[in-house]
1. Can you work out the FRET efficiency for the pair V2 and T52, with r the C-beta to C-beta distance and R0 = 22 Å, to the nearest 0.05?
2. Determine the share of the stretch 27-71's accessible area contributed by carbon and sulfur atoms, expressed in whole percent, with a 1.4 angstrom probe.
3. Can you work out the Karplus-derived ³J(HN,Hα) for every residue in the stretch 95-108? Use 6.51 cos²θ - 1.76 cosθ + 1.60 with θ = phi - 60°, whole Hz, and x for glycine or proline.
4. Counting only heavy atoms of the protein chains, get the accessible area per residue of the chain (1.4 Å probe) and round it to a whole Å² value.
5. At 1.306 mPa s and 10 °C, plugging the Kirkwood radius over alpha-carbon pairs of the stretch 55-114 into Stokes-Einstein gives what diffusion coefficient in µm²/s?
6. Along each of its three principal axes, how wide is the spread of alpha-carbon positions in the chain, in whole angstrom units, largest first?
7. Show me, for the stretch 52-68, the HN-Hα J-couplings you get by feeding each phi into the Karplus relation (A = 6.51, B = -1.76, C = 1.60, θ = phi - 60°), rounded to Hz, glycine and proline as x.
8. What's the local net charge at S55, with K and R +1, D and E -1, over the other residues with C-beta under 12 Å away?
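The values are calculated or read from the model by the stated rules, or taken from the named source; none is laboratory data. Values in this document were obtained by computation on a predicted structure and should not be read as measured data. Quick reminder, even Gly has a Cβ in these numbers, built from the backbone with ideal geometry, and neighbours come from all protein chains shown. We work out accessible area using only protein heavy atoms, side chains counted, and drop any ligands, DNA or RNA first. Shrake-Rupley method; radii C 1.70, N 1.55, O 1.52, S 1.80 Å.
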Amino acid sequence: QVQFVESGGGLVQPGGSLRLSCAASGSIFRINTMAWYRQAPGKQREWIARITSISRSIYVESVKGRFTISRDNTKNTVSLQMNSLKPEDTAVYYCNVYPPSSYWGQGTQVTVSS
(Lines give C-alpha, C1' and ligand atoms only; values in the text may rest on other atoms or scores of the structure.)
Protein backbone atom coordinates (compact mmCIF):
# COMPACT_ATOMS: atom_id res chain seq x y z
CA GLN A 1 0.00 0.00 0.00
CA VAL A 2 2.44 2.68 1.16
CA GLN A 3 6.03 3.05 -0.05
CA PHE A 4 8.95 4.86 1.58
CA VAL A 5 12.16 6.12 -0.04
CA GLU A 6 14.89 7.42 2.29
CA SER A 7 17.85 9.55 1.25
CA GLY A 8 20.51 11.89 2.61
CA GLY A 9 22.77 9.53 4.53
CA GLY A 10 26.53 9.55 4.34
CA LEU A 11 29.83 9.66 6.20
CA VAL A 12 30.35 12.51 8.66
CA GLN A 13 32.78 13.32 11.45
CA PRO A 14 31.69 13.40 15.10
CA GLY A 15 29.98 16.71 15.81
CA GLY A 16 28.85 17.06 12.22
CA SER A 17 25.36 17.33 10.76
CA LEU A 18 23.19 15.54 8.21
CA ARG A 19 19.66 16.04 6.95
CA LEU A 20 17.69 12.94 5.97
CA SER A 21 14.64 12.97 3.75
CA CYS A 22 11.83 10.47 3.24
CA ALA A 23 9.35 10.47 0.39
CA ALA A 24 6.16 8.55 1.15
CA SER A 25 3.46 7.36 -1.20
CA GLY A 26 -0.15 6.50 -0.46
CA SER A 27 -3.12 8.35 0.96
CA ILE A 28 -2.47 7.69 4.65
CA PHE A 29 0.31 10.23 5.03
CA ARG A 30 -1.70 13.29 6.08
CA ILE A 31 -3.58 11.67 8.94
CA ASN A 32 -0.91 9.36 10.34
CA THR A 33 1.93 9.81 12.76
CA MET A 34 5.25 9.45 10.92
CA ALA A 35 8.51 8.31 12.45
CA TRP A 36 12.19 7.79 11.86
CA TYR A 37 13.70 4.48 12.92
CA ARG A 38 17.27 3.23 12.99
CA GLN A 39 19.05 -0.08 13.28
CA ALA A 40 22.67 -0.35 14.36
CA PRO A 41 24.75 -3.53 14.04
CA GLY A 42 23.79 -6.03 16.73
CA LYS A 43 20.76 -4.01 17.82
CA GLN A 44 17.03 -4.10 17.17
CA ARG A 45 15.39 -1.49 15.00
CA GLU A 46 14.08 1.30 17.19
CA TRP A 47 12.07 4.46 16.67
CA ILE A 48 14.01 7.61 17.46
CA ALA A 49 11.63 10.42 16.48
CA ARG A 50 7.98 10.71 15.53
CA ILE A 51 5.66 13.48 14.45
CA THR A 52 1.86 13.51 14.54
CA SER A 53 -0.57 14.72 11.89
CA ILE A 54 -0.63 18.10 13.62
CA SER A 55 3.18 18.28 13.75
CA ARG A 56 3.68 17.44 17.40
CA SER A 57 7.02 15.66 17.84
CA ILE A 58 8.64 13.41 20.41
CA TYR A 59 12.10 11.86 20.62
CA VAL A 60 13.94 9.11 22.41
CA GLU A 61 16.28 10.34 25.10
CA SER A 62 19.45 9.52 23.17
CA VAL A 63 18.66 12.00 20.36
CA LYS A 64 16.58 14.60 22.17
CA GLY A 65 18.07 18.06 21.73
CA ARG A 66 20.18 16.97 18.76
CA PHE A 67 17.66 15.73 16.17
CA THR A 68 14.61 17.53 14.76
CA ILE A 69 11.83 15.81 12.82
CA SER A 70 9.55 17.71 10.45
CA ARG A 71 6.96 16.97 7.78
CA ASP A 72 5.59 18.59 4.64
CA ASN A 73 2.15 17.17 3.92
CA THR A 74 1.95 18.90 0.53
CA LYS A 75 4.96 16.89 -0.66
CA ASN A 76 4.42 13.73 1.42
CA THR A 77 7.88 14.23 2.89
CA VAL A 78 9.37 13.65 6.33
CA SER A 79 12.78 15.05 7.25
CA LEU A 80 15.25 14.51 10.06
CA GLN A 81 17.82 17.17 10.85
CA MET A 82 20.67 15.58 12.79
CA ASN A 83 23.19 17.76 14.61
CA SER A 84 26.06 17.02 16.98
CA LEU A 85 26.36 13.53 15.57
CA LYS A 86 28.11 10.86 17.61
CA PRO A 87 29.67 7.52 16.60
CA GLU A 88 26.78 5.83 18.43
CA ASP A 89 24.42 7.31 15.83
CA THR A 90 25.92 5.06 13.16
CA ALA A 91 23.05 2.99 11.77
CA VAL A 92 20.72 2.46 8.85
CA TYR A 93 17.90 4.98 9.10
CA TYR A 94 14.34 4.23 7.97
CA CYS A 95 11.06 6.10 7.90
CA ASN A 96 7.60 4.62 8.36
CA VAL A 97 4.29 5.34 10.01
CA TYR A 98 3.97 4.87 13.76
CA PRO A 99 3.21 2.19 14.76
CA PRO A 100 5.08 0.89 11.71
CA SER A 101 3.53 -0.90 8.79
CA SER A 102 5.18 -4.02 7.44
CA TYR A 103 6.36 -2.13 4.36
CA TRP A 104 9.90 -0.81 4.83
CA GLY A 105 12.07 1.15 2.45
CA GLN A 106 15.72 0.45 1.71
CA GLY A 107 16.91 2.83 4.41
CA THR A 108 19.86 5.19 4.23
CA GLN A 109 23.24 4.56 5.87
CA VAL A 110 24.61 7.08 8.35
CA THR A 111 28.20 6.59 9.46
CA VAL A 112 29.77 8.86 12.08
CA SER A 113 33.54 8.39 12.25
CA SER A 114 36.78 10.36 12.37
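1. Efficiency for this residue pair is about 0.85.
2. With neighbouring chains kept in place, the figure for the stretch 27-71 is 46 percent.
3. 10, 5, 6, 10, x, x, 7, 7, 9, 10, x, 7, x, 9
4. Accessible surface, normalised per residue, equals 54 Å².
5. The Stokes-Einstein estimate is 121 µm²/s.
6. Result, largest extent first: 41, 24, 22 Å.
7. Whole-Hz 3J(HN,Hα) from phi for the stretch 52-68: 7, 5, 9, 6, 8, 10, 9, 9, 6, 4, 5, 10, 4, x, 10, 10, 9.
8. After counting each charged neighbour, the total is +3.
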